[in-house]
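One structure is given below, encoded as structure tokens.
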There are 2 protein chains.
Amino acid sequence: MSPIGNYTGRQSINPDRATKMAEHSLSDDEFEKQEAELTEALLDAQYELRKSIKGPVLVLISGNDAAGKAELLYRFYDWLDNRFLVTRAFALPEGVEQRMPHLWRYWISLPGPDKLGFYLGSWYHQPQMCRVRGDISAEAFEQQMEEIRRFEQLLVNEGVALLKLWLEVEPGEGSSSAPEVPTDVAMREWGDFSQADREQLERVTRRMMTLTSTPEAPWIRVPSADPNYRDIEVGRLVLEQIRALRNKTERRSPPPPLAPAPRSVLQQIDYGLRLGKEEYGEQLARYQQELRALIRRPDFAGRSLLLVFEGTDAAGKGGAIRRITRCLDPRYLRVHGTRAPTEEEAHQPYLLRFWRRVPTPGRVAIFDRSYYGRVLVERVEKLTPVDRWQQAYAEINDFEAQLQAAGTIVVKFWLAISEQEQLKRFQARERSPLKRYKLTDEDWRNRERWSDYEQALDDMVAHTSTAAAPWHIVPAENKRYARVEVLRLLCQRLREAL
Amino acid sequence: MSPIGNYTGRQSINPDRATKMAEHSLSDDEFEKQEAELTEALLDAQYELRKSIKGPVLVLISGNDAAGKAELLYRFYDWLDNRFLVTRAFALPEGVEQRMPHLWRYWISLPGPDKLGFYLGSWYHQPQMCRVRGDISAEAFEQQMEEIRRFEQLLVNEGVALLKLWLEVEPGEGSSSAPEVPTDVAMREWGDFSQADREQLERVTRRMMTLTSTPEAPWIRVPSADPNYRDIEVGRLVLEQIRALRNKTERRSPPPPLAPAPRSVLQQIDYGLRLGKEEYGEQLARYQQELRALIRRPDFAGRSLLLVFEGTDAAGKGGAIRRITRCLDPRYLRVHGTRAPTEEEAHQPYLLRFWRRVPTPGRVAIFDRSYYGRVLVERVEKLTPVDRWQQAYAEINDFEAQLQAAGTIVVKFWLAISEQEQLKRFQARERSPLKRYKLTDEDWRNRERWSDYEQALDDMVAHTSTAAAPWHIVPAENKRYARVEVLRLLCQRLREAL
């Protein structure tokens with residue numbers, strides 16, 4: 001359990017501060033004294049954060065209208081190095097945001113790992129407001145809270161620190177000084193609230209806190225009637241949060257119990273499946289024509305397509321992809337080769353770079369290798385701790401489910417060749433001036449780990465082949481067969497989905 | 001002059017290809033033979049490009065409606081590794097694009113240095129269309145062509161390769177096979193053209209080519225009636241362009257003649273200017289109040305503010321910036337600390353990361369150090385060749401002028417302290433636990449280059465202090481004076497501009 005709060009959503013009590021907190025106010029003199037110490041400690045901590053780039057630290061500032069959220073923010077801009085502060089404010093989704101998964105806009109705007117990010121109107125704002133207004137049912141609200149809970153769990157597991165603050169003033173109380181800026185976007189939208197609305201808001205807020213207060217990311221209520229008390233208290237919480245990050249990587253949760261899947265996927269493959277040249281030509285033309293027609297259907301304009309290609313090295317992913325891209329409008333298509341993360345990417349949650357590449361409505365994204373690297377190469381090469389890649393199965397399922405709920409069609413292919421065929425292709429590549437560059441030392445090393453990859457594949461298929469996004473295992477010993485089979489399966493999935 | 005074209009805008013003639021080109025067509029057999037060789041060479045070249053990350057290569061595809069631009073694009077998606085291809089298409093500007101400089105959307109979407117980017121509807125499309133429709137005057141058109149010419153020059157100087165193709169079919173000719181996709185965005189908008197419009201288009205196009213064909217980035221007409229001929233020809237041009245990139249860095253243009261400015265800026269400074277504590281409090285409050293009021297004026301919503309802070313190390317930039325941020329709404333503010341470019345940024349045009357950070361309407365961006373690093377640290381530390389930092393004065397003036405034309409208010413401060421004062425502050429920092437981290441070995445080294453920096457400052461002020469964006473040199477020996485002076489000048493500039 002985090003030292004800075006408990007997960008029942010009640011105000012955090014720290015014994016040695018209990019007396020002070022009973023009062024919830026600070027004289028100006030006391031404030032100035034504490035401010036000097038606190039600022040020094042905060043600047044030091046901020047400097048540590050920048051050096052270690054183990055972040056970011058996200059501070060969600062919610063609360064009553066008169067609680068002084070803007071004032072509080074100014075205080076931090078005064079105290080800290082502004083170059084490493086960012087403020088995010090989200091109103092209701094607009095334009096393309098409305099047609100993407102709820103969490104998309106929060107994902108793609110995640111601050112870099114050396115930053116302290118303040119959120120006015122965070123991912124809680126929209127569901128909260130919609131629920132108060134009755135635009136969504138209680139079930140939908142609970143469902144969104146569950147999505148958020150898992151989103152935050154993933155962020156915390158990936159090294160992001162979350163501080164969720166509810167600034168509280170009792171009715172009739174109120175911050176003494178008038179705020180220097182208009183209240184934040186979120187609050188402006190609450191403007192014309194009736195008393196009944198306000199009571200409903202209080203109920204929704206309590207429910208929200210109950211559902212989303214976890215040991216790793218508890219909600220903390222901060223009595224905010226006195227700005228001096230409020231600012232020092234929040235400053236302390238931020239300080240503790242940054243310091244906690246430093247000792248973070250040592251704590252590893254035990255991996256969830258996960259039985260290895262039986263070896264089966266590759267053993268059930270019929271490597272003998274072939275297609276003659278003539279048959280190939282005919283069927284290729286037929287499915288390409290169908291694919292073109294499907295993608296141009298008016299109902300595709302509101303949908304999008306995410307294609308994932310994984311497979312044995314040298315299985316012919318590139319060739320299969322080209323047979324598809326030929327049918328698509330290059331302006332609405334992106335093919336993403338997934339390489340080892342850059343240094344910057346390595347310091348960020350692994351799904352971030354894929355969230356940034358998901359297709360918007362009417363578009364197609366093809367991943368030539370993908371986020372499944374987490375449970376393949378990162379597992380086999382031990383680049384990621386056991387608990388993290390094991391948790392990734394559920395995280396990836398969540399990711400794909402969110403995309404699908406927003407209208408994306410997710411189609412996943414594994415192209416499989418036998419060990420002997422791979423050897424033949426590697427040797428051919430060594431001889432070919434045109435293909436030599438495709439072969440690296442890493443390819444030979446991966447080959448030595450054949451059995452490890454086989455287990456990783458079996459587990460991956462067992463855990464991530466969902467009803468809405470099943471894995472298609474395609475024998476690719478014969479390239480012609482594989483290319484046509486990929487196109488055939490793709491057309492079939494699109495036909496069903498549209 | 002580039003080997004692949006001349007700058008009069010006429011079709012490129014290469015003696016050994018002249019015979020073939022006279023015909024401008026290829027039989028299917030001949031095509032297949034040449035295609036095999038060409039593809040191999042292109043894949044190799046693409047691989048080289050990826051390894052060397054000396055790019056990107058941008059291919060602008062313009063031309064008549066029936067010239068088969070989409071078909072050509074498909075061919076390249078077939079031939080090359082799709083993971084390193086991107087296609088950009090720009091229609092008329094929408095939303096915030098309309099309120100930003102013309103070139104902003106092209107800047108911020110520039111492909112990475114390992115990419116081959118195809119542009120359907122490039123930066124030429126909008127001015128061309130507006131001119132044909134009579135929405136802009138001939139003068140405005142020429143002005144935009146000049147902006148483009150300098151934009152392309154900068155890109156080429158920074159290592160980007162540009163291939164500008166005009167696919168041409170004579171009236172009555174036309175690509176034999178029907179295109180598989182709708183014609184591109186650009187062309188769709190030309191739809192309801194009268195004969196008079198078409199003649200005007202031809203005139204505008206000729207003028208466009210004359211104005212923007214330069215030795216480094218000539219327009220090349222490609223006879224496109226025969227798709228076989230067209231695709232092989234374009235493939236060859238792309239190949240030559242990629243190969244030319246490889247040998248690029250060796251050629252350096254001689255630096256423009258540039259007399260060093262007389263030593264003056266720092267010598268004219270009155271380091272004795274001071275402000276008492278009480279006066280400081282009064283004036284600070286007064287200007288902060290004025291700044292808040294100015295930024296909240298409704299007419300600021302359509303403008304934006306770019307603040308540049310440069311100055312001697314330890315001159316107190318951070319403190320001055322905090323006195324400003326205190327008055328601004330954090331949601332519409334970003335403070336950007338400029339550090340050495342990341343590896344990825346170092347392979348891209350230096351202005352790119354600043355273009356990506358310019359404020360959109362209603363917003364404020366503060367650069368704590370900035371693109372002026374090009375003519376300061378990069379010059380003094382010899383990180384950039386002489387010709388490139390000398391050209392940067394004009395490039396930076398262009399950059400700021402484009403921002404200003406779109407409504408951005410650009411305000412630039414140099415905070416100056418004496419050598420003795422700097423030494424005192426460095427020593428104080430060494431003693432202070434709170435400020436120790438602010439002092440690095442680099443700071444001491446910069447101090448040894450005091451005189452070099454002084455010359456760089458004098459030259460910078462001489463070349464980039466423009467009427468619309470003058471440098472404000474602020475004595476900062478007394479922090480109180482400097483902070484108030486910065487605020488006073490900022491308010492004054494805003495008052496004049498709004």
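The values are calculated or read from the model by the stated rules, or taken from the named source; none is laboratory data. All values reported here derive from a predicted model rather than from experimental measurement. Because the Cβ atoms are built from the backbone with ideal geometry, glycine has one as well, and the counts that use them run over all protein chains shown. What goes into the accessible areas is simple: the full protein's heavy atoms, side chains included, and nothing from ligands, DNA or RNA. Shrake-Rupley method; radii C 1.70, N 1.55, O 1.52, S 1.80 Å.
Could you tell me the calculated FRET efficiency between residue B:447 and residue A:380, based on Cβ-Cβ distance and R0 = 56 angstrom, to the nearest 0.05?
0.65
Write down Rg/Rh for the protein assembly as shown, rounded to two decimals, with Rg from the C-alpha atoms and Rh from the Kirkwood relation over Cα pairs.
Here the Rg-to-Rh quotient is 0.97.
Given chain A, what whole percent of its Cα pairs are spread farther than 35 Å?
43 percent
Round to a whole number: what % of the accessible area of the protein assembly as shown belongs to carbon and sulfur, probe 1.4 Å?
Carbon-and-sulfur percentage of accessible area, whole number: 49.
Run through the other copies and list how far each one's label point is from that of residue B:273, in nm with one decimal, shortest first; the point sits 7 Å from Cα along Cα-Cβ.
Ordered by distance, the counterparts are at 7.9 nm.
Quick check: from the Cα gyration tensor, does the stretch A:15-246 come out rounded (a/c under 1.5), prolate or oblate?
oblate
Summing -39500 (n - 2.57) over the DSSP H runs of n ≥ 4 in chain B and dividing by its residue number, what mean residue ellipticity at 222 nm do you reach, to the nearest 500 deg cm²/dmol?
-14500 deg cm²/dmol
Interface size between chain B and chain A, please: total buried accessible area, 1.4 Å probe, rounded to the nearest 100 Å².
Chains B and A together bury approximately 4200 Å².
Mind giving me the nanometre distance, one decimal, between the label points for residue B:150 and residue B:426, set 7 Å out from Cα along Cα→Cβ?
3.8 nm
On the full set of protein chains, 1.4 Å probe, figure out the accessible area of residue A:354 and give it in Å² to the nearest 10.
10 Å²
For the pair residue A:244 and residue A:271, what calculated FRET efficiency results from E = 1/(1 + (r/R0)^6), where r is the Cβ-Cβ distance and R0 = 30 Å, to the nearest 0.05?
The formula returns an efficiency of 0.05 here.
Given points 7 Å out from each Cα along the Cα-Cβ axis, report the residue B:343 to residue A:282 separation in nanometres with one decimal.
5.2 nm
For chain B, what is the accessible area per residue in Å² when the probe is 1.4 Å?
Using a 1.4 Å probe on heavy atoms only, each residue of chain B averages 42 Å².
Among the listed pairs A:54/B:115; B:69/B:164; A:382/A:479, give every one whose C-alpha distance is greater than 23 Å.
Cα-Cα > 23 Å for A:54/B:115; A:382/A:479; rest within.
I need the inter-copy label distances for residue A:286: point set 7 Å along Cα to C-beta, values in nm with one decimal, smallest first.
8.7
Kindly tabulate the residues in the stretch A:72-88 with an accessible-area decrease of at least 20 Å² between the chain alone and the assembly of all protein chains, using a probe of 1.4 Å.
Buried-area filter returns A:74, A:77, A:78, A:82, A:83, A:84, A:86, A:87.
Quick one: which residues, 5 or more positions from residue B:412 or on another chain, have an amide H under 5 Å from its amide H? H modelled 1.01 Å from N in the peptide plane, none for Pro or chain starts.
Excluding prolines and chain starts, which carry no amide H, the hits are B:308, B:472.
For residue B:52, which inter-copy label distances result when the label point lies 7 Å beyond Cα on the Cα-to-Cβ vector, reported in nm to one decimal and in ascending order?
Result, one decimal in nm: 4.3.
If the chain between residue A:440 and residue A:202 were fully stretched, how many nm would it gain, using 0.36 nm times the residue separation less the Cα-Cα distance?
Extra length from residue A:440 to residue A:202 when fully extended: 79.7 nm.
Please state the equivalent ellipsoid semi-axes for the stretch B:266-497: what are the square roots of 5 times the Cα gyration tensor eigenvalues, largest first, in whole Å?
One finds semi-axes of 26, 25, 16 Å for the stretch B:266-497.
Residues of the stretch B:299-338 that become at least 40 Å² less accessible with every protein chain present than in their own chain isolated, using 1.4 Å: which are they?
So the qualifying set is B:322, B:326, B:330, B:331, B:334, B:335.
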